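Accompanying notes for the structure given below.
The values are calculated or read from the model by the stated rules, or taken from the named source; none is laboratory data. On a predicted model such as this, the values are computed, not experimentally measured, just so you know. Positions of Cβ are generated from backbone atoms using ideal geometry, with glycine treated the same way; all protein chains shown enter the neighbour counts. Please note that ligands, DNA and RNA were not included when accessible areas were found on the heavy atoms of the full protein model with its side chains. Shrake-Rupley method; radii C 1.70, N 1.55, O 1.52, S 1.80 Å.
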Amino acid sequence: MTKKTVYYYHALSSPWAYLGWPQFKALIEKHDLDVVVRPTRIVPDNGGVPLRSRPQPRQDYHAVELDRWRKRLNMPLVLKPAHYPTNNEFSARMVIAADREGLPALELSHALLHALWSEELDVTLPAVRIDVANRIGLDGKALQAMEEEPEIVRAWHDSHAEATARGVFGTPTWIYEDVLYWGQDRLDFLDEALSED
């Protein structure tokens with residue numbers, strides 16, 4: 001039987017990707033999914049609006065929603081972490097490198113998001129990313145070195161271009177059979193779609 005394929009577009013700075021990981025991981029196991037890992041950013045060309053460019057009332061409500069969800073999911077999360085907003089490209093390229101090596105890229109992604117949102121670490125620092133990777137049993141130094149390889153840098157740009165072309169605007173977004181599911185609170189709908197086949 002052919003595995004079902006889900007494309008996973010997510011920013012390595014998204015609190016919603018962080019909060020959604022346990023449920024998504026459960027769906028991967030439940031449906032034996034083949035996941036195509038696609039780190040990206042918010043896509044303004046498609047209507048995505050970065051948090052700090054939103055009006056203050058929307059920024060305030062963002063914190064309210066994060067507080068609700070961290071309590072609902074019982075996950076540690078600092079509402080205004082010390083190093084957010086951040087440049088998520090470095091973490092993204094490390095995740096891409098892990099994926100290229102056949103390593104648990106999604107586990108690394110969650111660990112990096114946890115470092116940012118729960119531990120308040122500056123994930124733009126190579127030493128921090130190396131330590132995070134090491135903590136989950138990966139060779140952080142080797143993965144960090146791969147971040148600068150032209151193939152990995154190109155893959156990062158290609159991933160974002162693909163997200164743009166497929167209509168992604170915010171993250172996390174999952175695509176299954178060309179249907180978009182935006183936001184960790186839409187994973188139940190993804191589960192239903194996967195269960196129909």
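Express in Å², to the nearest 10, the accessible area of K30 obtained by rolling a 1.4 Å probe over the protein heavy atoms while all chains stay in place.
Surface open to solvent at K30 totals about 130 Å².
Only bridges with both residues in the chain count here: give the DSSP antiparallel percent, nearest 5.
55
Work out how much length D45 to D139 would gain on full extension: take 0.36 nm times their residue separation and subtract the Cα-Cα distance, in nm to one decimal.
Using 0.36 nm per residue and subtracting the Cα-Cα distance, I get 30.2 nm.
Assign unit charges at the C-beta atoms only (+1 for Lys and Arg, -1 for Asp and Glu), then state the dipole size of the chain relative to its Cα centre in Debye, rounded to the nearest 20.
620
Determine, for the chain, the count of lysine pairs separated by eight or more sequence positions (or lying on different chains) whose alpha-carbon distance falls under 30 Å.
Step by step, the pairs that qualify in the chain add up to 10.
So, how do all the Cα-to-Cα distances of the stretch 1-55 break down into 5 Å bins, in percent, from 0 on up?
So the P(r) values, bin by bin, are 4, 15, 22, 23, 15, 10, 7, 3, 1, 0.
Can you tally the net charge around H10? Count Lys and Arg as +1, Asp and Glu as -1, for every other residue whose Cβ sits under 12 Å from the Cβ of H10.
Taking every Cβ under 12 Å from that of H10, the sum is +2.
By the scheme Lys and Arg +1, Asp and Glu -1, what is the net charge of all other residues having a beta-carbon under 11 Å from that of H114?
In short, -2.
Using a 7 Å offset from Cα along Cα-Cβ at Q23, what residues in the stretch 153-197 end up with backbone N under 14 Å from the label point?
Hits in the stretch 153-197 for Q23 at 14 Å: 172-174, 181-193.
Assuming a ≥ b ≥ c are the square roots of the Cα gyration tensor eigenvalues, decide whether the stretch 136-177 counts as rounded (a/c under 1.5), prolate (otherwise, with a/b larger than b/c) or oblate.
oblate
So what's the net charge close to V128: Lys and Arg +1, Asp and Glu -1, counting the other residues with Cβ under 12 Å from its Cβ?
-2
At a 10 angstrom cut-off on C-beta neighbours, averaged per residue, how do the peptides 50-61, 5-16 rank from highest to lowest?
5-16, 50-61
Can you work out the PRE-style zone for K30? Point 7 Å along Cα to Cβ, and I want the residues of the stretch 1-24 with backbone N under 14 Å.
The answer is 21-24, whose backbone nitrogens lie closer than 14 Å to the label point.
Gap in Å between the Cα centre of the stretch 139-160 and the Cα centre of the stretch 1-78?
22
With just the Cα atoms defining each centre, how far is the stretch 164-197 from the stretch 94-120? Give it in Å.
21
Find how much the distance from E120 to S195 grows on full extension, using 0.36 nm per residue of separation minus their present alpha carbon separation; answer in nm with one decimal.
Once the chain is fully extended between E120 and S195, it gains 23.3 nm.
Could you compute how fast the chain diffuses translationally, taking Rh as the Kirkwood radius over C-alpha pairs and applying Stokes-Einstein at 25 °C with viscosity 0.890 mPa s? Give it in µm² per second.
144
Within the stretch 27-61, find all residues whose amide N lies under 18 Å from a label point positioned 7 Å from the Cα of D188 along Cα-to-beta-carbon.
From the stretch 27-61, the list is 27-28.
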